[in-house]
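Structure first, commentary second.
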Amino acid sequence: MRIVLSETTGVPLYEQIVEQLRQQIITGRLTAGEPLPSLRSLAKDLRVSLITTTRAYNELAAAGLIVNVPGKGSYVATVDPVAARRQVVEAARADLARAVATARGSGLVALPELVQILEEEWNR
């Protein structure tokens, strides 16, 4: 399991952890039943607070991607690939809707430019 955090993106650290673990689970890089590092161990490895890792694991559990077993740890849940894909598409659609609303509301960015930005980000 590999997680790389950046403090310069403006994205909260717990969200970065959630997204990176979500991707690793959905793509099968982390498999069902695989144990995850303890909250304290992950916090120490990533040099973040225990609150940050706890929040990330709680969000992943709420999304059905991991299972927290009291006294035993956290494990990757069995994930339905169709449901996982749908969840990713819905999240992407919501993010894109916010970006479109921002661009349209400003009156400074036209659709072709927004499409170009999307393509640049996709190819990054």
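No lab work stands behind these numbers, since they all come straight from the coordinates. Just so you know, these numbers come straight off a predicted model, no measurement behind them. Cβ: placed from backbone, ideal geometry, glycine included. Neighbour counts: every protein chain shown.
In this simple spin-label approximation, ARG93 and THR54 carry label points 7 Å from Cα along the Cα→Cβ vector, and these lie 3.5 nm apart. Extension gain, ILE26 to LEU108, is 25.9 nm, computed as 0.36 nm per intervening residue step minus the present C-alpha separation. If you work out volume of the Cα convex hull per residue in Å³ from the coordinates, which of (i) 126; (ii) 99; (iii) 109 do you get? After the calculation, the listed value that fits is (i).
Measuring spread by the Cα atoms of the range 4-43 yields a radius of gyration and Dmax of 11.4, 33 Å. Output the 0 to 90 degree angle, nearest 10, between the alpha-carbon long axis of helix 13-26 and the longest principal axis computed from the alpha carbons of the chain. Relative to the chain, helix 13-26 is tipped by roughly 80 degrees. Please give, to one decimal in nm, the separation of the simple spin-label points placed at ALA83 and ASN68, each 7 Å out from Cα toward the Cβ. The two pseudo-label positions are separated by 1.9 nm. Summing charges over neighbours of GLU7, with a neighbour being any other residue whose Cβ is under 14 Å away from its Cβ, gives 0 when K and R count +1 and D and E count -1. Rounded to the nearest whole Hz, the Karplus-based 3J(HN,Hα) values (6.51 cos²θ - 1.76 cosθ + 1.60, θ = phi - 60°) of the range 38-52 follow the sequence 4, 4, 5, 5, 5, 4, 5, 4, 8, 6, 10, 6, 4, 4, 5, with x at glycine and proline.
Below 8 Å, C-alpha to C-alpha, sequence gap of six or more: please give me the relative contact order for the range 3-60 in percent.
Contact order relative to length: 40 percent.
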